[in-house]
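> Input: one structure, supplied below.
The values are calculated or read from the model by the stated rules, or taken from the named source; none is laboratory data. A quick note: this is a predicted structure, and the numbers were derived from the prediction, not measured. Virtual Cβ from ideal backbone geometry, glycine too; neighbours counted across all protein chains shown.
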Amino acid sequence: MSRDFDVCVIGSGAGGGPIAYRLAEAGYSVVVLEKGPWLSEQHFTKDELACCRRAVYTPELRDEQHVIEQADGAAGWQSTPTQVSGWNFWNGNCVGGSSNFMSGYFHRLKPVDFKLRSTFGPIDGANVADWPIEYADLEPYYDMTEHLIGVSGKADAHANSESRSSADFPFPPTLEHPISARIDQAAAQLGFHSLRVPRAILSQPAMGRRACEYSGFCGSFGCSSGAKGSSRAALLDHAVASGRCEIRAHAKVTGIISDARGRISSVEYFDHEGKTRRVDAGIYVVACQAIETSRLLLSSVGPRFPDGLANNHGQVGRNLLFSGGGAGSGDLVFDDHDAAETAAMRVVGPFVNRALDDWYTLDDPQLGRVKGGIIEFLWDHPNAVARAENAKWHDGELVWGGPLKRRLEAWFRTDRTLNFEVFNDWLPNDDCFVGLDGRVLDRWGSPVAKVRIGAHPQDQRVGRFLAAKGEQLLRQLGARRVASSVGPAPPANLQAGGCRFGNTAEAAVLDADCRAHEVENLFVSDGSFMPTGGSVPYTFTIYANSFRVADRIVAQLGGARGQA
Amino acid sequence: MIRRTGPDCAHPDPAASLAPLRNALLSRRRFLIQSAGGTVALLFGLRNTHAAEEQDPWPTLDVVLRHLLPSEPDSPGAAEINALDYLRFVVDDPKVSAEDRAFIVQGCQWLNELAQQTHASDFIGLDDQRREQLLRRTAASAAGENWLSTLISYLLESLLTAPAYGGNPDGIGWRWLSYVPGFPLPGPGTRYPELPL
């Protein structure tokens, strides 16, 4: 039977890119459908308006939004459309997805993350499950990711480090800021062990991409040198160059069509002109980021799937994950340091690249034996307007005129703020899931995702434990005004789960290969597969798993084809 | 970078911190507008909306911006950062919601009506002290505070965003605050209205 393509991938981020890259490399024809535009290095500048103050890389909330359900404090749930709250759950809708805008902290999961249930036992109110694969199954794909995406780092000995098949990273560490050595020193004084953080940023030119140019503007900005290992720069550009991968930007998929046998027969989408199009393929891969992946499956009803594609066991959308934890900060005041130290602190460009990984698992008198997490250090985000906005309020009153100007001078000139971010598990639970909203539609007339964001209280307990360690290190550095915040609100850019993988269709949407239990030609390759999320940012693991899934798809299609 | 921008989440990450402020502002304004029956005019209690709409708001906005960020010998004010031109860019920008854009202009008309009620003069006709008193009185109401907060936010954008957008000429705002911008900066062809979105 003639089909348009061998494989159709919906979504072009860290979940979709590896599939397109590897399948094209194996000789198969691939189409990638991406809702957003196709921007590249020449379009990305260090523009605070574009990155962070206008909806440029994300949809306008009046066109496309979410409905968020938060606990109302009285055992109920309050729904708020994000157009009303302004709480934006989009993270980058363009070719390459949110991987264009990541910071690229590339920590692997550790072996314990694959078996939390059997290691720590059940937790009341949480749906913790072991993964159907082990670290050893994913390790070769972490290694592959390091080489194909381009990870820069140094594999220093650390008591909590996981095993590696390559002795070291393929690229040396990115340049480091003078503060990094001071963090090492402060950590040692406290008996902590600082960890040099691997980054998905090229420290040397490679694979047709330039090296990092150290502008100091990385996270939340698109990369103008190509050094950042976005799915677009690292994978899709190569896949397209192979001649076997076609990217269709501005292609908004509205439904996956399935037939009477329960197989997918085609995908329906709107093109840039608003015309309805269809494309068919042998295998379909969904990778729209966790919330939108679940939404698309739930929206795609068919003769065998009255409640949504692959959802005859009611599992799609359940056990959505974010990242637990929070953040803290401290001000390094220039007057506390001599001229040389101050000059060093003012340096802009090189990376901090330091984390604390001493408490990935905990045995604490208050908390008991539980999973912990990591603490990542980074300079205050460089966005100037965002920083200045802090100066316009004082004691709840608006400030303007001369007083506003004096506050701006103090905020910008007298200190530099060092932040930390805590990453710990977001325990899967029955109050964190994706559904479809019955009232709010997007601009194409489809129901938007309704997301309930209930958090397990253990996440905050662990987060506070780790934040206290982060504060301790900032104080050791001599920082003033040290503070941290750990709460139940999820970070909208760290999404996983919703289509967990597992060995039975009753308890999991996907099998161990991330193929839908109920649909033989459907795979999901973004972070949706994760039954538990681990205590590090997700992108590295999404890439690695997607490379693993790509191998399974190649196998299902009969292996790599001989190429002309 | 974690992006925790929930409306209830006080987060020390300033990249994220703008969003909750703006969000609180927007949602509060929407609430106020809804409470007032759906129009900005009703929100501000305009008695003579038709007359107010006919008045050119830009001279008043110019004076308000200069008051909110005054010029000083060692530091730039609204005049030096081209704040008025920048605000015109904002008011013409479809990426800024129509509601926000209307709010900027109509709030100004309300300020003039308040000036007429209290001092029998347009805002421009008041001396510096009376302008300050009137703006303080404006800030005492939720709607007025939202309006002034919005103007200050755009003043700060005019002070600290890339000169290609019309404010911050030659990086005057960056130099004043010893701020090092990133590179490359947006310019002709890479400003966001010109991207192939």
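> If A:Val440 satisfies every condition in (1) without any contact (Cβ under 8 Å) to a residue 24 or more places away in the chain; (2) assigned to a strand (DSSP E or B) but one, which is the exception?
Going through (1) without any contact (Cβ under 8 Å) to a residue 24 or more places away in the chain; (2) assigned to a strand (DSSP E or B) one by one, A:Val440 breaks only (1).
> With A:Ser118, A:Ser99, A:Ser103 as the choices, which residue is among the hydroxyl-bearing types (Ser, Thr, Tyr) and in a loop (DSSP other than H, G, I, E, B)?
A:Ser103
> Just one of A:Ala468, A:Ala483 is outside any strand (DSSP E or B) and at pLDDT 95 or above; which is it?
Sole residue among the options that is outside any strand (DSSP E or B) and at pLDDT 95 or above: A:Ala468.
> For region A:392-421, name all the residues that are in a loop (DSSP other than H, G, I, E, B) and either buried (at least 21 other Cβ atoms within 10 Å of the Cβ) or not hydrophobic (A, V, I, L, M, F, W, C) (or both).
Result: A:Asp395, A:Gly396, A:Trp400, A:Thr414.
> Additional query: Only one of (1) part of a helix (DSSP H, G or I); (2) more than 12 Å from the chain's Cα centre (by Cα); (3) buried (at least 16 other Cβ atoms within 10 Å of the Cβ); (4) of a type outside the set (Gly, Ala, Ser) fails for B:Asp93. Which number is that?
The failed condition is (1).
> Please pick out the residue among A:Val95, A:Val112 that is touching a helix residue (DSSP H, G or I) at 6+ places or on another chain (Cβ under 7 Å) and surrounded by fewer than 24 Cβ atoms within 10 Å (Cβ to Cβ).
From the options A:Val95, A:Val112, the qualifying one is A:Val112.
> Suppose we filter region A:1-49 for residues that are within 23 Å of A:Glu213 (Cβ to Cβ) and in contact with a His (Cβ under 9 Å, 6 or more places away or on another chain); how many remain?
Adding up the residues that qualify gives 1.
> How many of the residues in region A:164-178 are under 21 Å from A:Tyr543 (Cβ atoms) and touching a residue at least 40 places away in the same chain (Cβ under 8 Å)?
Number of matching residues: 2.
> Follow-up question, since we're still on this one. Checking the structure you have, find out if any residue of region B:118-139 is facing another protein chain (nearest Cβ under 7 Å) and closer than 24 Å to A:Leu404 by Cα.
Yes.
> Scan region B:163-173 and tell me whether some residue there is away from chain A (no Cβ under 12 Å), surrounded by fewer than 20 Cβ atoms within 10 Å (Cβ to Cβ), more than 30 Å from A:Gly216 (Cβ to Cβ) and not aromatic (Phe, Trp, Tyr).
no
> Tell me the residue from A:Ala239, A:Ala181, A:Ala187 that is under 30 Å from A:Ala386 (Cβ atoms), outside any loop (DSSP other than H, G, I, E, B), small (Gly, Ala, Ser) and in contact (Cβ under 8 Å) with a residue 24 or more places away in the chain, please.
So the residue among A:Ala239, A:Ala181, A:Ala187 that is under 30 Å from A:Ala386 (Cβ atoms), outside any loop (DSSP other than H, G, I, E, B), small (Gly, Ala, Ser) and in contact (Cβ under 8 Å) with a residue 24 or more places away in the chain is A:Ala187.
> Quick one: is A:Leu33 surrounded by 23 or more Cβ atoms within 10 Å (Cβ to Cβ) and either closer than 21 Å to A:Asp526 by Cβ or modelled with pLDDT under 95 (or both)?
Judged against the criteria, A:Leu33 is a match.
> Are any residues in region A:452-476 touching a Leu at 6+ places or on another chain (Cβ under 7 Å) and among the hydrophobic types (A, V, I, L, M, F, W, C), and if so, which ones?
Within region A:452-476, A:Val462, A:Phe465, A:Leu473, A:Leu474 qualify.
> Are any residues in region A:32-51 in a loop (DSSP other than H, G, I, E, B) and within 7 Å of chain B (Cβ to nearest Cβ), and if so, which ones?
Result: A:Pro37, A:Leu39, A:Thr45, A:Lys46, A:Asp47.
> Please work out which one of (1) at pLDDT 95 or above; (2) in a loop (DSSP other than H, G, I, E, B) is the condition B:Gly37 fails and give its number.
It fails just one condition, (1).
> Examine region B:109-123 for a residue that is under 30 Å from A:Arg62 (Cβ atoms), under 16 Å from the mean Cα position of the chain (by Cα) and at pLDDT below 95, and state whether such a residue exists.
Yes; the residues of region B:109-123 include at least one that is under 30 Å from A:Arg62 (Cβ atoms), under 16 Å from the mean Cα position of the chain (by Cα) and at pLDDT below 95.
> How do the pairs read when you match residues in region B:143-155 that are more than 10 Å from chain A (Cβ to nearest Cβ) and assigned to a helix (DSSP H, G or I) with residues anywhere that are among the acidic types (Asp, Glu) and surrounded by fewer than 22 Cβ atoms within 10 Å (Cβ to Cβ), using Cβ under 8 Å and keeping only pairs 6 or more apart or on different chains?
B:Thr150/B:Asp100
> If you don't mind, there's one more thing I want to ask. Step by step: first the residues of region A:324-379, then only those that are of a type in the set (A, V, I, L, M), over 22 Å from the mean Cα position of the chain (by Cα) and not in a strand (DSSP E or B), then the one that is nearest to the other protein chains (Cβ to nearest Cβ). Which residue is that?
A:Val348
> Within region A:516-533, which residues are part of a loop (DSSP other than H, G, I, E, B) and not hydroxyl-bearing (Ser, Thr, Tyr)?
A:His517, A:Glu518, A:Val519, A:Glu520, A:Asn521, A:Asp526, A:Met530, A:Pro531, A:Gly533
> Just name the residue that is surrounded by the most Cβ atoms within 10 Å (Cβ to Cβ) out of those in region A:289-326 that are closer than 18 Å to A:Ser525 by Cβ and among the hydroxyl-bearing types (Ser, Thr, Tyr).
Among them, the one singled out is A:Ser294.
> Suppose we filter region A:244-261 for residues that are among the small types (Gly, Ala, Ser), in contact with an Asp or Glu (Cβ under 7 Å, 6 or more places away or on another chain) and closer than 25 Å to A:Glu520 by Cα; how many remain?
Number satisfying all stated conditions: 2.
> More than 9 Å from chain B (Cβ to nearest Cβ), more than 19 Å from A:Leu320 (Cβ to Cβ) and either in contact (Cβ under 8 Å) with a residue 12 or more places away in the chain or among the acidic types (Asp, Glu) (or both): does that describe A:Tyr28?
Answer is yes for this residue.
> Next question. Restricting to region B:60-83, what's the tally of residues that are out of contact with any Phe, Trp or Tyr (no Cβ under 7 Å at 6 or more places or on another chain), away from chain A (no Cβ under 12 Å) and not in a loop (DSSP other than H, G, I, E, B)?
3
> Applying the selection to region A:170-212, what residues are under 24 Å from the mean Cα position of the chain (by Cα), closer than 25 Å to A:Gly470 by Cβ and crowded, with 22+ Cβ neighbours inside 10 Å?
Result: A:Thr174, A:Ser194, A:Leu195, A:Val197, A:Pro198, A:Arg199, A:Ala200, A:Ile201.
> Output the residues belonging to region A:165-205 that are out of contact with any Phe, Trp or Tyr (no Cβ under 7 Å at 6 or more places or on another chain) and within 30 Å of A:Val56 (Cβ to Cβ).
A:Ile201, A:Pro205, listed by residue number.
> Kindly indicate whether B:Glu194 is at the interface with chain A (Cβ under 7 Å from one of its Cβ atoms) and among the charged types (D, E, K, R).
So B:Glu194 fails the test.
> Right, something else. Quick check: anything in region A:68-77 buried (at least 20 other Cβ atoms within 10 Å of the Cβ), touching a helix residue (DSSP H, G or I) at 6+ places or on another chain (Cβ under 7 Å) and closer than 15 Å to A:Val434 by Cα?
Checked against the condition, which is being buried (at least 20 other Cβ atoms within 10 Å of the Cβ), touching a helix residue (DSSP H, G or I) at 6+ places or on another chain (Cβ under 7 Å) and closer than 15 Å to A:Val434 by Cα, region A:68-77 yields at least one hit.
> Of the numbered conditions (1) touching a residue at least 60 places away in the same chain (Cβ under 8 Å); (2) within 11 Å of another protein chain (Cβ to nearest Cβ), B:Gly107 fails exactly one; give the number of that condition.
The one condition B:Gly107 does not meet is (2).
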